[in-house]
1. Can you name the number of the only condition in (1) basic (Lys, Arg); (2) open to solvent by 60 Å² or more (accessible area, probe 1.4 Å); (3) modelled with pLDDT of 90 or more; (4) under 29 Å from Val214 (Cα atoms) that Lys58 fails?
2. So which residues in the stretch 179-198 are open to solvent by 40 Å² or more (accessible area, probe 1.4 Å) and farther than 19 Å from Leu227 by Cβ, if there are any at all?
3. When the stretch 139-156 is examined, which residues are found to be touching a residue at least 24 places away in the same chain (Cβ under 8 Å) and open to solvent by 10 Å² or more (accessible area, probe 1.4 Å)?
4. Applying the selection to the stretch 18-29, what residues are among the aliphatic types (A, V, I, L, M) and either more than 15 Å from Ala94 (Cβ to Cβ) or not assigned by the TED database to the domain that holds Leu64 (or both)?
5. Select from the stretch 66-86 the residues that are assigned to a strand (DSSP E or B) and surrounded by 19 or more Cβ atoms within 10 Å (Cβ to Cβ) and list them in ascending order.
6. Go through Ala146, Ala202 for me and flag whichever is over 19 Å from the mean Cα position of the chain (by Cα), of a type in the set (A, V, I, L, M) and within 18 Å of Asp122 (Cα to Cα).
7. Taking Arg106 as meeting all but one of (1) at pLDDT 80 or above; (2) closer than 27 Å to Leu56 by Cβ, write down the number of the exception.
8. Answer yes if at least one residue in the stretch 29-37 is in a helix (DSSP H, G or I) and open to solvent by 50 Å² or more (accessible area, probe 1.4 Å), and no otherwise.
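The values are calculated or read from the model by the stated rules, or taken from the named source; none is laboratory data. Predicted model only: the values in this text are computed from it and were never measured. Positions of Cβ are generated from backbone atoms using ideal geometry, with glycine treated the same way; all protein chains shown enter the neighbour counts. Just the protein is used for accessible areas: all its heavy atoms, side chains included, with ligands, DNA and RNA removed. Shrake-Rupley method; radii C 1.70, N 1.55, O 1.52, S 1.80 Å.
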Amino acid sequence: MLGGMTSSRDLAAFAALLADETRAAFALALLDGRAWTAGELARHGRVAPSTASEHLGKLVAGGLLTEERQGRHRYVRLADDRVAHLVEELAAHASPGPVPAPRSLRESTVADALARGRTCYDHLAGRLGITITGAMTARGLLTQDAGFALTDRGARWFAGLGIDLSAKGRRPLVRGCLDWTERRPHLAGVAGARLCGHALDAGWCVRIGSDRAVKVTDDGERALHTLLDIEPGILR
């Protein structure tokens, strides 16, 4: 449903998939890139399992989610990176005004951590993603003049880190993804995903809690300073 010719009726039906608060909550939760069980999403959305199953059926039928079964468990995840990109951009456009004040200390802590650094499906977002994207652009590894593009220097930079950018399918090498907390684009596409995977594998970043939040380690600060001239401590 994300490609090909689309009628106004098709578009309205597709938009209606996320025009429900419970289904929208499921889509936002699945931006962490993991597969969730229907029960986990039901608890997350604070709805009955039967209600969650009904909503998930609509999201799967509409092409936003894919599902797989292992024994008695049903797992769902976002269908692909295009869906993740769509959800993240909608989230960025959905809150043009001031962010509501957190209702609890825990909610405030989680919000701060997500704003500081998080994964958006499979690439880095938040202040961390924006800072890295800005540093790469300043060093001539990326250009943002007419959309995102990787320069020859940028390709050599990835190769120097041992990051393979070859990929199959239609996913673009690089593209901008509008960050819903920073309101600026961060690096997505194949390059964004591979850089995120490298940062986690190399220990530059670690996941914190059970949400999408990540934080930069001491090793990460040193690596980012050496590679991109990002000042240590700026991302803490």
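1. Exception for Lys58: condition (4).
2. Those that are open to solvent by 40 Å² or more (accessible area, probe 1.4 Å) and farther than 19 Å from Leu227 by Cβ: Trp180, Thr181, Glu182, Arg183, Arg184, Pro185.
3. Arg139, Gln144, Gly147, Phe148, Ala149, Leu150
4. Within the stretch 18-29, just Ala29 meets the criteria.
5. Val76, Leu78
6. Matching residue, one of Ala146, Ala202: Ala202.
7. Tallying (1) at pLDDT 80 or above; (2) closer than 27 Å to Leu56 by Cβ, Arg106 fails exactly one: (1).
8. Checked the stretch 29-37: no residue is in a helix (DSSP H, G or I) and open to solvent by 50 Å² or more (accessible area, probe 1.4 Å).
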